[in-house]
Amino acid sequence: MDTSAALRLLEHGRIEVEGRLVDASNATLFCKISLDGVDAQCVYKPVRGERPLWDFPDGTLAGREVATYLISAASFGVVPPTVLRPGPFGSGMVQLWIETREEDELVDIIGVDDVKPGWIPVFHAHDRFGDPAVLVHADHPRIAEMSAFDVVVNNADRKGGHVLHALDGAVYGVDHGICLHTEPKLRTVLWGWAREPLPDHVVESLRRLRSELDGTLGESLHEHLTRAEVRAVGERVDKLLAAGVYPEPSGDWPAIPWPAF
């Protein structure tokens, strides 16, 4: 399904709740959505099911999810189609469900002797049995884009389970409710390229995003974010382009979310 068809389905389709994703910290419902004989699965997160966060007092988590999608759509294309609309339990975020290659993860924790070519170590630790282990992610161009995207949206919670390898080979990131704060809050498992030069395709996407922020994208983001938050997106893009390299953890706050998955 192409993006325009997916957005039309998400915006106008009939939502039927089929279950709840119980591991989520906020109400997250698995649903069927139907329109004109077309069916798909989606995730629906009603605003009324959000748990208040003292450090994200403005707007809604659902609005932040939609804002990250809009930024992604204008740049890296790493977030599934996402809208804000009425649903069975009131207004909420509705996002296209992505079927994944569960046996082909892009982020993993493995033994230190099991790191193979094509994988980048992030940090060393110990597993639950006390044996040495290492967090790794794939050396994949789409992961390189997602890593830069997380810097731009100031993602405070990029867990390994939020990186999806779709059945068609595409790579997506989900769960962006705690993004886009004005203060630095980046916490991610995708640190493998720290201090490495930004690839050309990443720089191209960042430049395209910077141009869009000065136009209609910026106005669209104001529907979900404060003006200071929108301004901060542009500042982070400018800083990343000026540096020309992926950032490294600052040491001022935990660099990796916990749990990591």
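The values are calculated or read from the model by the stated rules, or taken from the named source; none is laboratory data. Note that the coordinates shown come from a computational prediction; the quantities given were computed from them, not determined experimentally. Every residue, glycine as well, gets a Cβ built from its backbone with ideal geometry; the counts of neighbours run over all protein chains shown. Heavy atoms of the whole protein, side chains included, go into the accessibility calculation; ligands, DNA and RNA do not. Shrake-Rupley method; radii C 1.70, N 1.55, O 1.52, S 1.80 Å.
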Revision key, fill the gap. The local net charge around R14, scoring Lys/Arg +1 and Asp/Glu -1 for residues other than R14 whose Cβ lies under 12 Å from its Cβ, equals -2
**Study point:** Average Cα contact separation per residue, segment 3-96, under 8 Å, 6 or more apart, as relative contact order %
**Key:** 29 percent
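Tell me the relative contact order for the chain as a rounded percent, counting alpha carbon contacts under 8 Å between residues six or more apart. Could the numbers behind the result be given before it?
On the way: 470 pairs, mean separation 46.7, N = 261.
Once normalised by length, the contact order is 18 percent.
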Exercise for review: Roll a 1.4 angstrom probe over the protein heavy atoms and tell me the percent of accessible area of segment 107-246 that is carbon or sulfur.
Suggested key: 50 percent
Check your understanding: With every protein chain left in place, what is the accessible area of C42 in Å² (1.4 Å probe, nearest 10)?
Key -> 0 Å²
Practice item. Kindly report the accessible area of segment 3-96 per residue (heavy atoms of protein chains, probe 1.4 Å, no ligands, DNA or RNA), in Å². Key: 47 Å²
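Using +1 on the beta carbon of Lys and Arg, -1 on that of Asp and Glu, and nothing else charged, what's the dipole of the chain about the Cα centre, debye to 20? Walk me through the intermediate numbers first.
Details: 25 positive and 40 negative charges, 139 e Å.
Using Cβ point charges on Lys, Arg, Asp and Glu, the chain gives about 660 debye.
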Review point. From the square roots a ≥ b ≥ c of the eigenvalues of the alpha-carbon gyration tensor of segment 3-96, which class results: rounded (a/c under 1.5), prolate (a/b over b/c), or oblate?
Key: oblate
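Highest mean first, what order results for 106-117, 154-165 on Cβ atoms within 10 Å? Please list the in-between numbers first.
Details: 106-117: 13.5, 154-165: 21.8.
The packing order, highest mean first, is 154-165, 106-117.
Could you give the dipole magnitude of segment 107-246 about its Cα centre, charging the beta-carbon of Lys and Arg +1 and that of Asp and Glu -1, in debye to the nearest 20? Could you put the intermediate results ahead of the total?
Working: 15 positive and 22 negative charges, 61 e Å.
Approximately 300 debye in magnitude.
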**Study point:** Percentage, to the nearest whole number, of Cα pairs in the chain over 33 Å apart
**Key:** 18 percent
Point to revise | Sulfur and carbon atoms: percent of accessible area, segment 3-96 [1.4 Å] | key: 53 percent
**Study point:** W258, W253, ranked by accessible area, largest first (probe 1.4 Å)
**Key:** W258, W253
Revision key, fill the gap. Listed by chain and number, the aspartates and glutamates with an alpha carbon less than 14 angstrom from that of K32, same-chain partners under 8 positions apart left out, are E11, E16, E18, E99
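Relative contact order for segment 107-246: what is it in percent, counting Cα pairs under 8 Å that are at least 6 residues apart? Walk me through the intermediate numbers first.
Numbers: 178 pairs, mean separation 30.9, N = 140.
This gives 22 percent for segment 107-246.
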